[in-house]
């Protein structure tokens, strides 16, 4: 499946209000999220060594290692592995995450 | 630099007409491209094992291993390492690429 159309991928609600579509290469997962206003990402960490979060649209209050910022279109956050992070969608949001290694837990 | 604003990153014209901004984690590079209409990506391949190309806006004729498709908003292409690919922007385009390993050649 080299050529993919996102709309044809099934949506998966991983956390309540977080609707994701996932594209995996061998080593990397891109997650395309549509997030409901008010949806909350609990404080968590994962062994995945790197995650890059890119806010496409909306406003998202993001807390990384105790520091909270409001992400807007064009905001990017680089999160090393095992660092706690949490957040809440202030408005409906579109976010793209890149994970390394690939999120095998998100594969079907 | 955990929190980044894309507009504050310098732009780098890697290939004529391909204006990129780059965010690196330890293992992954995200490239945010603004591409001029008519700009051409020559046929090439790289050892980087994976690249995921996500077309955000515009139309881009993309050739992967001899097969050409027109990418539009929501198109994604997964490219294994060392597989030849090429392309041409039919209209102005915005594209996000994910590379593994990180593109050290794109670091400043």
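Numbers for the structure displayed
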{"read-out": "Span from the region A:1-44 Cα centroid across to the region B:25-91 one, whole angstrom", "value": "21"}
{"read-out": "Amide N of region A:31-55 lying under 20 Å from the label point, which is placed 7 angstrom from the Cα of residue A:82 along Cα→Cβ", "value": "A:43-52"}
{"read-out": "Translational diffusion coefficient (Stokes-Einstein; Kirkwood radius from C-alpha pairs) of region B:8-108 at 20 °C, 1.002 mPa s, in µm²/s", "value": "159"}
{"read-out": "Residues A:13, B:49, sorted so that the one with the fewest Cβ neighbours within 10 Å comes first", "value": "A:13, B:49"}
{"read-out": "Length-normalised contact order for chain B - Cα pairs under 8 Å, 6+ apart - percent", "value": "33"}
{"read-out": "Computed label-point distance, nm, for sites residue B:43 and residue B:5 using a 7 Å Cα→Cβ extension", "value": "4.4"}
{"read-out": "Position residue B:5, label points 7 Å along Cα→Cβ, spacing to each other copy in nm (shortest first, one decimal)", "value": "3.8"}
{"read-out": "At 7 Å out from Cα toward Cβ: residue A:37 inter-copy label distances (nm, ascending)", "value": "3.7"}
{"read-out": "Relative exposure of B:5, B:63, judged by other C-beta atoms within 10 Å (fewest first)", "value": "B:5, B:63"}
{"read-out": "Alpha-carbon spread of the protein assembly as shown, three principal axes, descending order, Å", "value": "45, 36, 29"}
{"read-out": "Teacher prompt: residue A:56 distances to equivalent labels in other copies, 7 Å Cα→Cβ, nm", "value": "1.0"}
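Coordinate-derived values only; no laboratory data. Bear in mind that the values here come from a model prediction, so they are computed numbers and not experimental data. Heads up, the Cβs are rebuilt from the backbone with ideal geometry, glycines too, and the neighbour counts pull from every protein chain shown.
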